[in-house]
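Here is the structure we will look at.
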Amino acid sequence: MTARSSDVPARGRASRVAGFSAAAQYRAWQAVTWVAMRLPPRVSYGIAGACATAGFYCWPRGRRAMLRNYQRVLHGAPSGEVQRTARASLVNYCRYLADFVRFPSLSPEQLRARCHGEESFANLDHALARGKGAIIVCMHFGNWDLGAGAAAARGYPLTVVAETFKDPRLDRMVMGARERLGMQVVRMEKAGPSLIRALRQNGLLALLIDRPVPGEGVKVQFFGEEIEVPAGPARLALRTGAAVVPTAFARTGPRDEVETLTDFSIDVQPTGDEAHDIHAVTQAIVAAHERFIRAHPEQWYMFREMWRTPRREAAIP
């Protein structure tokens, strides 16, 4: 089918806007890198907090999404508390970005020292003793890259799945930083057999699950309402027999240190009904993360609407 001539300028404008946005992201990341590498952490955190606060008020679309999300998470809380928590979430995210820039320059000993949770790592060793690997399922929470870097520094073979950035310069910077932290990075669009291979080699596979996928995933309950999230973690676990470990790395204070939160209770036992099994495993994963978020709501970074169904009290003027 031939495009109408009136569509061509619109597509050209959309392409230019997307190109400008990708270039702007790269320039912003350059600025973050320059600041974080030259200033003490305390100062860079202060700048990150100021930028996040300004961004919260200057980004209406993101602010509305955050407020609607947190009205679900903090159901019944006063509007002032919802707004403070949403703003704190953006501040914590910007501090995470400042940390991420510095992490590749840290030694393995420094990475391990910043990630607390000996009991969680001992339980992980026990799960890996089965020889089938483990799927570490995270959300955009706390400082997941520090946790991943610390796991790699402890000697665990770790594969992470990542989306490709539109600007190739930004893509090289971010993916290169993760590789220097000891992670094997697999592109989301080219994952395929690499994920199964990592598990069959008794390694760790880290996946993020809080990416809304309307019409493409599995529907589960999250904070009492329905969401749709990727079925990949559950499907991989059922296919390979790997352990499934919902995991979060909560910041423990103003410094770049985290506490490891894990749930090793999920029992992956196929019943012969694949749809039922995928739903059951995914629901258990999401329920664990709901507990993590309830304990530290300001450390969940979701800047687009997680719930698609309308809710009257979630209306933001």
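The values are calculated or read from the model by the stated rules, or taken from the named source; none is laboratory data. From a predicted model like this one, the values you see are computed outputs, not experimental measurements. FYI the Cβ positions are ideal-geometry reconstructions off the backbone, even for glycines, and counts take in every protein chain you see.
Every residue, every condition in (1) aliphatic (A, V, I, L, M); (2) more than 17 Å from Arg102 (Cβ to Cβ), yes or no:
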site: Asp145; (1), (2): no, no
site: Thr159; (1), (2): no, yes
site: Thr164; (1), (2): no, yes
site: Leu170; (1), (2): yes, yes
site: Glu189; (1), (2): no, yes
site: Ser194; (1), (2): no, yes
site: Arg197; (1), (2): no, yes
site: Leu207; (1), (2): yes, yes
Filtering the range 225-262 down to residues that are small (Gly, Ala, Ser) and outside any loop (DSSP other than H, G, I, E, B), which residue is nearest to the chain's Cα centre (by Cα)?
-> Ala248
Can you tell me which residues in the range 151-185 are at positive phi and in contact (Cβ under 8 Å) with a residue 24 or more places away in the chain?
-> Gly182
If you go through the range 102-159, how many residues are within 29 Å of Met66 (Cα to Cα), of a type in the set (Gly, Ala, Ser) and either part of a helix (DSSP H, G or I) or in the same structural domain as Val32 (by TED's automatic domain parsing) (or both)?
-> 3
Looking for whichever is crowded, with 21+ Cβ neighbours inside 10 Å, in contact with a strand residue (DSSP E or B) (Cβ under 9 Å, 6 or more places away or on another chain) and either free of Cβ contacts under 8 Å to residues at least 24 places away in the same chain or over 19 Å from Val73 (Cα atoms) (or both) here; the options are Val229, Val268, Val281. Which one fits?
-> Val281
In the set Glu189, Glu259, which member is charged (D, E, K, R) and in contact (Cβ under 8 Å) with a residue 40 or more places away in the chain?
-> Glu259
